[in-house]
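To start, the structure under review is shown below, and the notes come after it.
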Amino acid sequence: MIKQKHFIDVDQLSLKQIEQIFSKADKYLKKPLNSSLKGKRLINLFFENSTRTRSSFEIAAKNSGAEVVNIDVSTSALKKGESEKDTILTLNAMEPDFITIRHSFGGIVKKLAEYSDRAVVVNSGDGAHAHPTQALLDAFTIYKAYKFKKITEFKKLTVAICGDVLNSRVARSNIRLLTMLGAKIHLIGPPTLLPKNMDSANLKIFYDLKEGVKGVNVIMALRIQKERMMSCFIPSISDYFKVYGITRDVLDLAKSNCILLHPGPMNRNVEIESSLAEDPKVSQVLKQVRHGVAIRQAVLELLA
Ligand code: CP
């Protein structure tokens, strides 16, 4: 169904396929257990830490009847010097149906996928490059919160993506997906954390948070990615929160029914006010997690 064998980013999907994924995910939210992947095997191979993505791929696969093997990289032959290439060749030789890969190096998942001629490789986040299933679950969360019936309704929305865009694979996949869906995007953050030359017909850059969130329908706060910062991008965490933290005062500038997303893990009171992140009237954070399982079930079924 997807244009290439492996799933590296959202731009491989057609609008029809996105609609199919949302429709299947909606079904799996109501009735998660089924046998669509019975007899299939999925290997989780995470070179970088994860709570949400790894466990939700496992639960998604098991909900649909597949078996799951989690590779513990810290006790694998990688620690004896085996290369990533040989790791993929070895795992692929065991004839699994899927290998989900997370890695800190942007672009490497596409390269490693070339060594897998049997298993479908699914990108679970590579460096600052892409995190396609996160973008799909984010868009699905917006779709559900606004009770959309069709994906063409995204054209009515303006989504503010705030914070460390430069280091964020979540932001990059979301920008690609929201652009495909026809939403308007405001990228907001300090000049040091916004990529250059991003302006386009549907995307505007803002260095002033209060200007950027005016009248938007969705605010997506991004984690400050300390592990990907090569040099000093912000003066201090407390200064960052004062200028770019999403607080109630900031939310009040958006549309009255604005919703708040964060991909997690959150740095509370750094990019998002702690009490706001827990406010069920606006925060979608735990719904995003719940939707992640259903979306990953739908994606695995489409790839199978
Ligand atoms: N959003 C996300 O990718 O979270 P994890 O790092 O916990 O997988």
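Here is a list: ILE205, ILE237. Which entry is open to solvent by 60 Å² or more (accessible area, probe 1.4 Å) and over 20 Å from the mean Cα position of the chain (by Cα)? Show your work before the answer.
Values: ILE205 fails: open to solvent by 60 Å² or more (accessible area, probe 1.4 Å).
From the options ILE205, ILE237, the qualifying one is ILE237.
Of (1) in contact with a Lys or Arg (Cβ under 7 Å, 6 or more places away or on another chain); (2) among the aliphatic types (A, V, I, L, M); (3) assigned by TED's automatic domain parsing to the domain that holds ASN202, ILE161 satisfies all except one. Which?
For ILE161, the failing item is (1).
Given LYS5, LYS40, which one is in the same structural domain as ARG102 (by TED's automatic domain parsing) and among the charged types (D, E, K, R)?
Answer to the check: LYS40.
Out of ILE101, ILE71, report the one residue that is in contact with a Ser or Thr (Cβ under 7 Å, 6 or more places away or on another chain) and either hydroxyl-bearing (Ser, Thr, Tyr) or within 16 Å of the ligand (Cβ to nearest atom) (or both).
ILE101
Contact list please: Cβ distance under 6 Å, first residue in the stretch 122-137 and within 10 Å of the ligand (Cβ to nearest atom) and part of a strand (DSSP E or B), second residue among the polar types (S, T, N, Q) and at pLDDT 95 or above, pairs at least six apart or on different chains.
SER124/THR53; SER124/THR100
Quick one: which of LYS210, LYS196, LYS144 is free of Cβ contacts under 8 Å to residues at least 24 places away in the same chain and either in a helix (DSSP H, G or I) or among the charged types (D, E, K, R) (or both)? Break it down stepwise before answering.
Working: LYS210 fails: free of Cβ contacts under 8 Å to residues at least 24 places away in the same chain; LYS144 fails: free of Cβ contacts under 8 Å to residues at least 24 places away in the same chain.
Sole residue among the options that is free of Cβ contacts under 8 Å to residues at least 24 places away in the same chain and either in a helix (DSSP H, G or I) or among the charged types (D, E, K, R) (or both): LYS196.
Tally the residues that are within 16 Å of the ligand (Cβ to nearest atom) and surrounded by fewer than 16 Cβ atoms within 10 Å (Cβ to Cβ), restricting the search to the stretch 240-265.
Adding up the residues that qualify gives 1.
Which residues, counting only those in the stretch 27-52, are within 21 Å of the chain's Cα centre (by Cα), open to solvent by 80 Å² or more (accessible area, probe 1.4 Å) and more than 16 Å from the ligand (Cβ to nearest atom)?
LYS27
Does ILE161 qualify as being under 20 Å from LYS255 (Cβ atoms), within 16 Å of the ligand (Cβ to nearest atom) and not basic (Lys, Arg)?
The answer is yes for ILE161.
On the basis of being among the acidic types (Asp, Glu), touching a residue at least 12 places away in the same chain (Cβ under 8 Å), open to solvent by 70 Å² or more (accessible area, probe 1.4 Å) and assigned by TED's automatic domain parsing to the domain that holds ARG296, does GLU95 make the cut?
yes
ARG290 versus (1) within 16 Å of the ligand (Cβ to nearest atom); (2) not in a helix (DSSP H, G or I): which is the lone unmet condition?
(2)
Yes or no, residue by residue, for (1) away from the ligand (no atom under 16 Å from the Cβ); (2) under 20 Å from HIS131 (Cβ atoms); (3) buried (at least 20 other Cβ atoms within 10 Å of the Cβ); (4) not assigned by TED's automatic domain parsing to the domain that holds MET266:
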position: ASN167; (1), (2), (3), (4): no, yes, yes, no
position: ALA171; (1), (2), (3), (4): no, yes, yes, no
position: THR179; (1), (2), (3), (4): yes, yes, no, no
position: LYS196; (1), (2), (3), (4): yes, no, no, no
position: GLN225; (1), (2), (3), (4): no, yes, no, no
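Consider the stretch 266-287. How many of its residues are without any contact (Cβ under 8 Å) to a residue 60 or more places away in the chain, of a type outside the set (S, T, N, Q) and either within 15 Å of the ligand (Cβ to nearest atom) or within 19 Å of ILE234 (Cβ to Cβ) (or both)?
The total comes to 8.
If the requirement is being without any contact (Cβ under 8 Å) to a residue 40 or more places away in the chain and closer than 26 Å to PRO265 by Cα, which of these qualifies: SER74, SER56?
Result of the check over SER74, SER56: SER74.
When only residues in the stretch 53-64 that are open to solvent by less than 30 Å² (accessible area, probe 1.4 Å) and among the small types (Gly, Ala, Ser) count, which is nearest to the ligand (Cβ to nearest atom)?
For the stretch 53-64, the residue satisfying everything is SER56.
The values are calculated or read from the model by the stated rules, or taken from the named source; none is laboratory data. In this text the structure is predicted, and so the values were computed from the model without any measurement. Ideal geometry is used to build each Cβ from the backbone, glycine not excepted, and the neighbour counts take in all protein chains shown. Heads up: the accessible areas ignore ligands, DNA and RNA and are worked out on the full protein's heavy atoms, side chains in. Shrake-Rupley method; radii C 1.70, N 1.55, O 1.52, S 1.80 Å.
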